[in-house]
Every structure is written in structure tokens, then in C-alpha cells.
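The values are calculated or read from the model by the stated rules, or taken from the named source; none is laboratory data. The model shown is predicted, which means the values in this text are computed figures rather than measured ones. Neighbour counts are summed over all protein chains in view; Cβ atoms, including those assigned to glycine, are modelled from backbone coordinates with ideal geometry. Heavy atoms of the whole protein, side chains included, go into the accessibility calculation; ligands, DNA and RNA do not. Shrake-Rupley method; radii C 1.70, N 1.55, O 1.52, S 1.80 Å.
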Amino acid sequence: MDGTKNPEHVVIVGGSSGMGFALAERLLATGNSVTIVGRSPERIKEARVKLGDPSKLYAIAADSTREDDVERLFGTVGEINHIVSTAADLTGAYSAISTMDIAHARRIIDSKVVAPLLLAKHGHSHIVDGGSISFTSGIAAYRPSPTGSVVAAVNGAIESLVYALALELAPIRVNAVSPGWVDTPFWDAAAGEKKAATLDAMAKRLPVGKVGKAADLAQAFESIMRNSFISGTVVHVDGGHRLI
Ligand SMILES: NC(=O)c1ccc[n+]([C@@H]2O[C@H](COP(=O)([O-])OP(=O)(O)OC[C@H]3O[C@@H](n4cnc5c(N)ncnc54)[C@H](OP(=O)(O)O)[C@@H]3O)[C@@H](O)[C@H]2O)c1
């Protein structure tokens with residue numbers, strides 16, 4: 001998307017951190033308008049500052065698991081070209097099935113399955129011709145860990161969801177990006193002080209010899225948005241993780 005020639009407006013749910021933030025940075029750099037969305041107003045404010053607070057950047061605090069918030073979000077943004085959601089709250093996601101806290105499981109399902117349903121429900125009528133919706137799946141759907149049943153399930157569900165929505169919402173294009181391990185703030189919470197060692201160990205196992213950067217994923221999201229012939233598919237950006 002060369003926004004300098006044809007600026008577009010992209011709503012990025014999850015735009016205050018990680019891959020969503022990198023996508024906002026990338027799109028703003030070429031003159032597009034971006035609305036970043038996240039639950040925490042403080043995090044959004046920090047992201048705004050880090051992005052240099054340009055005039056084409058808008059920010060809205062909203063929780064994509066809440067229908068009233070999602071309705072308010074789209075009521076505010078008006079016409080848009082694309083919706084991207086990288087949002088996820090995987091707190092407490094990894095648990096043996098025998099001791100699983102089902103309230104935790106429901107929160108994860110809300111965050112990765114119910115939220116995309118709400119975004120599609122309330123967002124699609126705001127998308128102009130040539131537009132798209134992109135969700136975020138993940139390697140856990142293909143290489144689950146033994147305590148990762150919920151994460152595997154929600155990522156798998158997103159993939160089936162995009163196939164169905166690509167038909168139902170056509171000509172709006174609906175796709176997903178499936179990241180492998182990517183160095184983002186997610187890992188600060190997931191691995192704490194073991195973050196660097198955990199990511200290094202994975203880098204040594206991957207065919208590409210490194211974990212991903214948020215910018216690698218931003219590039220993939222942008223190319224899905226730009227390519228008017230991509231719909232109903234999952235783009236794997238995982239350094240070959242599915243092969244090991
Ligand atoms: N990083 C990896 O290695 C990896 C691997 C495979 C898949 N993925 C997937 O890739 C996506 C992006 O990951 P990331 O590493 O970029 O994550 P991240 O750095 O933790 O960022 C997550 C973003 O989502 C927002 N968010 C979370 N829940 C939300 C909600 N209910 N409503 C609105 N915003 C919400 C967060 O802000 P607030 O907390 O303020 O709401 C934050 O801006 C996720 O779907 C993740 O499951 C990541």
C-alpha cells in the first residue's frame with residue numbers, strides 16, 4: 001500500500017504493541033491513516049508518543065471482546081479500507097487439561113475467537129470497495145505444546161473462521177496471518193527474564209536460524225491488504241517452524 005499515492009485508513013486492533021504497533025509504524029510511514037485500538041489507554045498513549053503522534057494517527061481505547069466497545073469503535077471511525085486484529089490476551093493460557101481453569105480458557109476464546117466475530121459483525125459494513133479483514137492465528141495451531149490445548153484450539157478456529165467469512169462477506173477479502181515465534185512484548189509477560197534464552201533456543205531450531213521480528217509480520221499483513229487476489233487464506237510467517 002503506497003499511501004503516498006493512494007492513502008488508506010486501517011484500523012489495527014492490537015496496534016499499541018508488538019506486530020500491530022509495527023504495522024501502524026509501517027503504514028504511517030507511507031502516508032496512510034491508522035487507528036490503533038487496545039484496552040489500556042496508557043498503553044495507547046505510549047504507543048502514540050512512540051509513533052511520533054502524526055496527524056494521520058488516531059487512537060481508541062476499546063476491548064474487542066465487548067460488543068458495546070466494538071460498536072462504539074466502528075461508530076467512531078466511519079469509512080475504512082481495512083481491519084487488522086492482532087489482539088490476544090493469553091494470560092494463563094498454558095495449563096494441563098486436568099487442572100485447567102475454564103474461566104481462563106473462556107477469556108482466551110473470547111480474545112481470539114469471539115473478538116474476531118464481533119469485529120467482522122460490526123466492522124464489515126464500514127469497509128469500502130477493495131477492502132479486507134485480517135486476523136492473527138499462530139504456530140500453536142500446527143505445533144501445539146502439551147499444555148497448550150486452548151491456544152491450539154483458538155488459533156485453529158481463526159483459520160476456519162476466515163474461510164467462512166471470505167465467502168459470506170465477499171467481495172471483502174478475509175484472511176489470517178499465522179506467526180511463528182516473534183520477539184514482541186508478549187514474550188516479556190510469557191517468559192519474563194528467560195525471554196532472551198527462550199527465543200535464542202528456538203532460533204537455533206528454526207530453518208531460518210532466527211525468530212521473527214514484529215516488522216516481518218507487519219510486512220505480511222500489508223501484503224495481504226495490498227493484494228486484491230488474496231482471500232480466504234492463511235499466510236504462514238514462521239521461519240519454517242511447521243517443518244521442525
Ligand atoms: N509473539 C509471538 O511469538 C506470537 C506467536 C504466535 C502467535 N502470535 C499471535 O500474534 C498476535 C500478536 O501478538 P503480539 O506478540 O504482537 O502481542 P502483544 O505484543 O502482546 O500485543 C497484543 C496487543 O493486543 C491488545 N489487546 C489484547 N487484548 C485486547 C482486547 N481484548 N481488545 C483490544 N486490544 C487487545 C494489547 O493491548 P491491551 O493489553 O492494552 O489491550 C496489545 O496492543 C496475537 O494474536 C498472538 O496470539 C504471537
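Once the principal axes of the Cα atoms of the stretch 1-58 are found, what is the range along each, listed largest first in whole angstroms?
33, 18, 14
Ordering I230, I133 by how much accessible area each has at a 1.4 Å probe, largest first, what is the list?
Details: I230 40, I133 0 Å².
Output order, biggest surface exposure first: I230, I133.
If you take every residue apart from P54 with its C-beta less than 11 Å away from the C-beta of P54, what net charge results, scoring Lys and Arg +1 and Asp and Glu -1? Can you show the working numbers first?
Values: positive: R48, K56; negative: E25, D53.
Net charge around P54: 0.
Round to the nearest 10 and report in Å² the accessible area of R226, as given by a 1.4 Å probe over the protein chains' heavy atoms.
150 Å²
Would you check the accessible area of K194, probe 1.4 Å, heavy atoms only, in square angstrom rounded to 10?
Rounded to the nearest 10, that gives 140 Å².
What list of ³J(HN,Hα) couplings, whole Hz, do you get for the stretch 108-113 from phi and the Karplus terms 6.51, -1.76, 1.60, once you set θ to phi - 60° and write x for glycine and proline?
Calculated HN-Hα couplings, in order: 5, 4, 4, 6, 10, 10 Hz.
Beyond 26 Å, what share of the Cα-Cα pairs of the stretch 26-156 remains, rounded to the nearest whole percent? Before the final figure, lay out each step's value.
Working: 2605 of 8515 pairs.
Tail of the P(r) past 26 Å holds 31 percent of the pairs.
Which order do you get for D69, D188 if you rank them by accessible area with a 1.4 Å probe, largest at the top? Display every interim value, and only then the final one.
On the way: D69 25, D188 80 Å².
Final ranking, largest accessible area leading: D188, D69.
Along the charge dipole of the chain, pointing to its positive end and built from +1/-1 on Cβ of Lys, Arg, Asp and Glu, which listed residue (V162, G123, A141) has its Cα farthest out?
Positive-most Cα among the choices belongs to A141.
Between E42 and S55, what is the label-to-label distance in nm when each label sits 7 Å out along the Cα-to-Cβ direction?
3.2 nm
Strictly greater than 22 Å: what percent of every Cα pair in the stretch 147-235 meets that? Could you put the intermediate results ahead of the total?
On the way: 1610 of 3916 pairs.
Everything past 22 Å amounts to 41 percent.
What ³J(HN,Hα) values, in whole Hz, does the Karplus curve 6.51 cos²θ - 1.76 cosθ + 1.60 give for the stretch 176-185 when θ = phi - 60°, with x put for Gly and Pro?
Along the stretch 176-185, the couplings run 9, 9, 10, x, x, 6, 10, 6, 9, x Hz.
Please give the per residue accessible area of the chain, computed with a probe of 1.4 Å over protein heavy atoms only, in Å². Each step should come with its number before you reach the end.
Values: 11650 Å² over 244 residues.
With all protein chains present, the chain gives 48 Å² per residue.
Leaving ligands and nucleic acids out of the surface, order R173, R39, R48 by accessible area at 1.4 Å, largest first.
R39, R48, R173
Show me, bin by bin at 10 Å from 0, the whole-percent P(r) of the chain based on Cα pairs.
Each 10 Å bin holds this share of Cα pairs: 8, 33, 39, 18, 3, 0.
At 1.4 Å probe size, with the rest of the protein present, what percent of the exposed accessible area of the stretch 9-243 is carbon and sulfur atoms? If you can, show how the numbers build up before the last one.
Numbers: 5990 of 11030 Å².
Whole-percent figure for carbon plus sulfur exposure: 54.
For S95, what accessible area in Å² do you get when you roll a 1.4 Å probe over the heavy atoms of the protein chains, rounding to the nearest 10?
The accessible area comes out at roughly 20 Å².
Could you tally the net charge around L118, taking each other residue with its Cβ under 11 Å from the Cβ of L118, Lys/Arg +1 and Asp/Glu -1?
On the way: positive: R66, K121; negative: D63, E67, D68, D69, E71, D110.
Charge balance near L118 sits at -4.
Nothing charged except the Cβ atoms of Lys and Arg (+1) and of Asp and Glu (-1): what's the magnitude of the dipole of the chain about its Cα centre? Round to the nearest 20 debye. Walk me through the intermediate numbers first.
On the way: 24 positive and 25 negative charges, 111 e Å.
The calculated dipole for the chain is roughly 540 debye.
Need one number: nm distance between label points at T233 and A215, each 7 Å from Cα along Cα→Cβ, rounded to one decimal.
With each label placed 7 Å out from Cα toward Cβ, I get 2.5 nm.
Just grab the label-to-label distance for D101 and E168, each label 7 Å out from Cα along the Cβ direction, in nm (one decimal).
Each label point lies 7 Å from its Cα, and together they span 3.2 nm.
From the phi of every residue in the stretch 6-22, what ³J(HN,Hα) in whole Hz does the Karplus formula 6.51 cos²θ - 1.76 cosθ + 1.60 yield, where θ is phi - 60° and glycine or proline is x?
So the Karplus estimates, Gly and Pro as x, are 9, x, 10, 10, 10, 8, 10, 7, x, x, 8, 7, x, 5, x, 5, 4 Hz.
Give the angle, between 0 and 90 degrees and rounded to the nearest 10, that separates the Cα long axis of helix 214-226 from the longest principal axis of the Cα atoms of the chain.
50 degrees
Can you tally the net charge around T198? Count Lys and Arg as +1, Asp and Glu as -1, for every other residue whose Cβ sits under 13 Å from the Cβ of T198. Write down the numbers at each step before the final one.
Working: positive: K194, K195, K204, R205; negative: D183, D188, E193, D200.
Charge balance in the 13 Å sphere: 0.
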